[in-house]
1. Could you tell me which numbered condition residue B:199 fails, if it satisfies all but one of (1) hydrophobic (A, V, I, L, M, F, W, C); (2) within 11 Å of chain A (Cβ to nearest Cβ); (3) surrounded by 21 or more Cβ atoms within 10 Å (Cβ to Cβ)?
2. Can you find, within the range A:242-257, the residue that is nearest to residue A:503 (Cα to Cα) among those that are loosely packed, with under 13 Cβ neighbours inside 10 Å and without any contact (Cβ under 8 Å) to a residue 40 or more places away in the chain?
3. Please go through (1) farther than 20 Å from residue A:616 by Cβ; (2) within 11 Å of another protein chain (Cβ to nearest Cβ); (3) under 16 Å from the mean Cα position of the chain (by Cα) for residue B:169 and return the number of the only condition it doesn't satisfy.
4. Just the residues that are surrounded by fewer than 24 Cβ atoms within 10 Å (Cβ to Cβ) and outside any loop (DSSP other than H, G, I, E, B), please, taken from the range B:88-111.
5. Within the range A:204-247, how many residues are modelled with pLDDT of 85 or more and touching a Lys or Arg at 6+ places or on another chain (Cβ under 8 Å)?
6. Is there any pair linking a residue in the range B:20-31 that is surrounded by 14 or more Cβ atoms within 10 Å (Cβ to Cβ) to one that is assigned to a strand (DSSP E or B) and basic (Lys, Arg), with Cβ under 7 Å and at least six apart or on different chains, and which?
7. In the range A:560-570, what residues are part of a helix (DSSP H, G or I) and within 14 Å of another protein chain (Cβ to nearest Cβ)?
8. Let me spell it out: the conditions are (1) surrounded by fewer than 18 Cβ atoms within 10 Å (Cβ to Cβ); (2) assigned to a loop (DSSP other than H, G, I, E, B); (3) away from every other protein chain (no Cβ under 14 Å), and residue B:183 meets all of them except one. Which number is the exception?
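The values are calculated or read from the model by the stated rules, or taken from the named source; none is laboratory data. What you see is a predicted model; the values in this text were computed from it and never measured. Because the Cβ atoms are built from the backbone with ideal geometry, glycine has one as well, and the counts that use them run over all protein chains shown.
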Amino acid sequence: MADTDSAETGTETESARNTSPQNGESGAAEAATEASETASTPANAADERIAFRGVFARMLVRPEIGAAIAATAVWIFFWSVSGVFGLAGGTASVLDVASTLGIMAVAVAMLMIGGEFDLSAGAATGALGIVTLMFVRDITGEMGGAGLSLWIALPLSLAVALGLGWFNGTMVNRSGLPSFIVTLASFFILKGAKLGFAKLIVDQIQVGKMDDLEIFAADRGGDKGYGFFQPIFAAEWDRTDHVWESRDFLYTVACLVGLTLLVLALYEMRFARKDKMNPAGLAVTLAGIAAGIGGVLYLHGTDGTSANAIGAAIIGAGMLIGFFGLAMWRYQPLSDKGSFSVSPGWLAPFGAGLGALALAVLAARSLDAQNSENVTFLVTEQGLRAILFVGLAGAGAVLLLMASHRAGIGSQLTRSIVLLCTAGLVVAIAFFIRSESASPKFRTEVFSIMLAIAALMAVWAIVTLFFAERRYPDAPADRLGRLLIAGGTLMFIIGVGTRLLYTVPAEIEAGISPAKFSVRTLWFLLFAGVCTWVLGRSKFGSWVFAVGGNKEASRQIGVPAARTKVQLFMLVSFAAWLVGTLLAFRLNTIQASTGDGEEFEYIIAAVVGGTALTGGYGSTLGAAIGAIIMAMAAQGIPSARWNSDWRFVFLGGILLLAVIANNFIRSRAEATR
Amino acid sequence: MTDTESTSSSSGTPLLELTNIGKFYGNIIALNGVTTHVEAGKVTCVLGDNGAGKSTFIKILAGVHQHDEGEFKLEGEAVRFNSPREALDRGIAAVYQDLAMVPLMSVWRNFFLGSEPTKGVWPLQWIDKATAKATAKEEMAKMGIDIRDTEQPVGTLSGGERQSVAIARAVYFGAKVLILDEPTSALGVKQSGVVLRYIVEAAKRGLGVIFITHNPAHAYPVGDRFLILNRGQSMGNFGKDEISQQELTKLMAGGAELEQLQGELAAAISGVD
């Protein structure tokens with residue numbers, strides 16, 4: 001079997017493949033056995049009892065995916081309805097809020113996965129900042145404070161923090177009471193102690209000031225470590241100081257490479273690999289890439305409508321040839337394309353999608369884009385138009401994708417045709433947006449992104465028509481796919497990060513978007529990264545899931561359940577210490593009420609990120625994304641010129657939606673496992 | 001009835017030897033004068049109706065509780081465990097009916113929970129996933145258990161499969177004595193058969209098995225020794241050659257009462273006819 005298949009030339013291999021059962025009536029089991037018999041690499045033997053899931057279903061299993069999709073939607077929403085949101089300045093303030101919230105949310109998510117809550121986490125951030133300030137405070141002529149060096153004060157307040165976590169954890173373990181009650185008590189104790197001690201010692205309801213260390217350094221013989229620690233906790237990156245003329249070149253290249261890697265990952269995870277590569281396909285791919293690059297250069301060098309159209313056509317053709325060649329090179333051809341059939345199953349969502357798009361266009365035409373007067377207490381006509389258009393067009397897109405999915409159940413041909421129609425509609429909407437919109441954001445960026453998406457969809461529709469879907473697990477291919485996704489995401493981060501961190505002379509002249517990025521964002525990324533690694537890969541992480549999922553069982557098996565819980569409480573109080581320190585260096589003065597009540601925001605962020613309230617399930621990465629969503633809401637609502645009193649309505653709505661969506665995704669994920 | 005205890009003493013020291021074990025919760029006598037032993041490669045069944053003291057008995061063996069009276073010898077040495085971990089370290093593994101697994105965690109994580117294989121040096125130690133998955137699959141295959149996918153959550157397994165994962169885990173981690181707490185009580189007929197086969201399989205591999213059940217029909221085919229408890233008291237400790245299944249059933253339910261019940265039932269049925 002294997003000998004006949006590994007024929008001399010690629011075309012023969014393909015024709016041999018055509019006869020093998022890949023699709024249609026032959027069950028997944030047959031395809032799987034076929035594959036494991038013929039695959040040259042020792043693919044892990046597929047089990048006929050596992051139904052194979054498609055590439056998108058496989059991605060949805062992770063708890064943070066829902067949060068990532070929600071974050072993208074919220075971002076697009078605020079970006080399209082507000083002027084400054086999404087520019088460097090707006091992004092800086094979103095990240096600033098997200099960082100302190102996110103550090104806490106990640107720690108709280110781990111605690112919640114471990115099955116406990118900490119209601120004192122919010123008050124603890126302010127309390128620990130005050131503790132640090134009390135230790136360093138020693139102003140000539142003023143009362144209060146120990147006057148310690150930061151070298152001593154910071155470790156001391158960290159010890160206080162860990163002691164607080166240890167106390168919470170031990171109380172919960174020893175008393176056997178719900179952590180809700182125990183930490184509610186800690187919350188009140190902290191809240192009262194902050195106020196009491198502040199009044200007792202400094203006779204004020206605020207404690208300060210960190211930068212006195214620097215101001216009075218001369219009187220006190222040195223700055224006591226302020227010069228060392230200030231940059232660590234409060235350094236800022238002012239983008240107007242960082243001009244880089246060729247920034248946009250790197251941005252464009254990084255985003256294009258990132259996009260390509262993501263698409264390659266999709267191909268790798270979707271199609272069935274050949275056991276013998278076809279080098280002719282590689283040549284075709286290279287020709288396609290060359291055509292694409294030629295198109296870009298042509299577009300870059302010319303101007304005018306017809307030249308743009310020609311350039312776009314060349315790029316599109318290059319993409320098609322490139323990806324088709326790639327598939328010829330690596331993947332098995334599809335023998336049974338099915339026949340085109342019209343069924344209500346896909347026709348209904350297709351019609352609904354068309355209707356939604358039509359309504360979106362109607363809304364955009366009938367409302368005045370320039371009118372920034374309030375039509376209601378909440379929103380301007382301009383804003384209403386944007387909301388209606390984005391919402392309806394988004395719903396239309398989802399419905400059309402649903403239609404193509406349903407159409408594909410019967411035959412690949414139908415799916416491809418529906419997908420091509422959808423791509424055509426995306427192009428039409430792109431041109432509509434360009435003709436209607438006044439802002440350059442829509443006329444150039446959104447327009448070209450939509451054209452690129454339409455092109456990728458069209459190419460996908462054509463390639464899926466000629467190459468076979470993989471219906472059996474292939475671990476090496478999935479691993480390569482994940483690697484490509486990671487690489488693509490990294491390229492996007494590099495590209496967008498460069499664009500945010502550096503400016504170009506033209507922007508400075510126009511006075512666009514001055515922004516200061518704080519080092520606290522790095523702390524956030526570092527903390528989230530370390531926690532994610534610990535939770536996913538370490539022994540301790542496994543134990544966290546275990547004690548949250550079934551404490552008694554894990555204890556019986558030999559997991560130190562009580563110790564794990566105490567360590568989790570200590571992790572939360574460590575995070576509170578970190579946030580308190582960041583606040584102390586940023587604000588110099590900390591109010592006695594700082595942080596009170598924020599514990600619920602941490603919990604919301606964790607839940608939005610896919611963490612179960614019942615414990616035993618969740619993701620730190622999701623919690624980090626949840627914190628970013630909350631920060632986007634906090635910054636987006638005022639920047640869309642809405643009344644920010646409504647922020648909490650938005651938060652409540654998001655929480656409810658998130659819980660419902662997560663529950664749905666989780667049950668689907670478990671059902672399809 | 002009490003002097004049937006010291007009958008079939010085997011050659012060499014038994015794995016576990018319990019003499020006159022008693023346990024009190026305040027003034028409540030939960031367990032009194034229980035005597036039995038467990039040999040390597042043999043199955044000792046503990047039978048009793050609800051409230052007979054079976055749970056207290058196994059919790060003492062597994063280190064969850066400590067005995068107040070009598071002698072508990074492991075391989076000839078008197079012991080007293082303060083925690084399940086201690087008992088586990090000495091080779092006594094308990095598999096509880098509903099507490100055995102963390103349902104949302106994958107099969108391989110459950111299999112290695114508490115004893116994960118790691119790579120790297122502290123503090124940079126990570127779980128060796130590939131080894132863990134392969135070992136879990138292989139070990140379960142050795143017990144004759146074919147698991148679909150070690151990544152699937154244990155909660156999606158059937159009751160019998162869950163028990164079998166727990167048994168395979170205990171065997172792999174070098175248990176000498178395996179305590180099974182009512183492994184068949186929540187299962188259907190076929191699944192119970194599967195679990196009973198794993199019990200025999202575990203005994204064949206040289207483990208001493210303690211099988212707690214209230215179903216004599218499950219206990220008799222696999223057991224080599226039967227300890228019968230009733231209201232915290234030992235009703236006897238028999239070798240297989242000393243007792244028949246019918247006698248076992250009779251003893252468990254308190255003899256005379258069951259006979260009376262049978263009589264009444266027979267009368268009711270003939271009345272209907």
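1. (2)
2. A:246
3. Every listed condition holds for residue B:169 apart from (1).
4. B:88, B:89, B:106
5. 9
6. From residues that are surrounded by 14 or more Cβ atoms within 10 Å (Cβ to Cβ), the pairs are B:30/B:23; B:31/B:23.
7. Residues of the range A:560-570 that are part of a helix (DSSP H, G or I), as a first pass: A:561-570.
Residues satisfying the conditions are A:561, A:562, A:563, A:564, A:567.
8. (1) is the only condition that residue B:183 fails.
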